[in-house]
Amino acid sequence: MRIGIGYDIHRLRRNRPMILGGVNLDYFKGPDGHSDGDALIHAICDALLGAMAKGDIGMLFPDTDARYKNMPSTEFLKKVNCLLKEENFKICNLDCTIILQEPKIEPYRVKIIQSINEILGLPERRINLKAKTSERLGNIGKGRAFAAHAAVLITAR
Ligand code: MG
């Protein structure tokens, strides 16, 4: 068995779609970034790559590469999932935490878990999603950014 952790943070900017876990949230700001800025998906990618000892998302999909401009991050996760299969691993479970001040994640929680399930083929009972605010402290608390953590356990198929 192998364990991996991932973390990501993105700035929030007006007039950008708020995409989290591949789901579009109704909000007036969204993540800035070369891709769609989906910090949750980026953290999950890094957790999986970490568990496989395959570097990080920036090495696989450099933000200097025009091919990845505005690319849906779900495509990155699909590629990482292919790599996982090639390496003969399967995921035991995935646990994630989103840290953002607004909007509330609860109305989207099931949708986000379903979105991750669709990409990874991991049963929903093996995916956990937690959300918390930053108690209005710092840049996340002021709504200028949001962050995500992911922890994953993988094992040989
Ligand atoms: Mg990122």
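The values are calculated or read from the model by the stated rules, or taken from the named source; none is laboratory data. This structure is a prediction, so every number in the text was calculated from the model and none was measured. When we count neighbours, we look across all protein chains shown, and the Cβ atoms used for this are built from the backbone with ideal geometry, even at glycine.
Taking region 23-57 as the search range and keeping residues that are farther than 30 Å from residue 1 by Cα and of a type in the set (D, E, K, R), which one is surrounded by the most Cβ atoms within 10 Å (Cβ to Cβ)? Result: 36. Taken over region 26-74, the criterion of being within 9 Å of the ligand (Cβ to nearest atom), within 28 Å of residue 104 (Cα to Cα) and part of a loop (DSSP other than H, G, I, E, B) is satisfied by 33, 34, 35, 37, 38. If you go through region 75-99 and keep only what is among the acidic types (Asp, Glu) and outside any helix (DSSP H, G or I), you end up with 87, 95.
Yes or no, residue by residue, for (1) modelled with pLDDT of 95 or more; (2) hydrophobic (A, V, I, L, M, F, W, C); (3) under 30 Å from residue 156 (Cα atoms):
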| position | (1), (2), (3) |
| --- | --- |
| 74 | yes, no, yes |
| 84 | yes, yes, yes |
| 89 | yes, yes, yes |
| 97 | yes, no, yes |
| 108 | yes, no, no |
| 113 | yes, yes, yes |
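Among the residues of region 77-97, none is identified as free of Cβ contacts under 8 Å to residues at least 24 places away in the same chain and of a type in the set (Val, Ile, Thr).
If you scan region 1-25, which residues turn out to be within 15 Å of the ligand (Cβ to nearest atom), out of contact with any Gly (no Cβ under 6 Å at 6 or more places or on another chain) and charged (D, E, K, R)? Within region 1-25, 8, 11, 13 meet the criteria.
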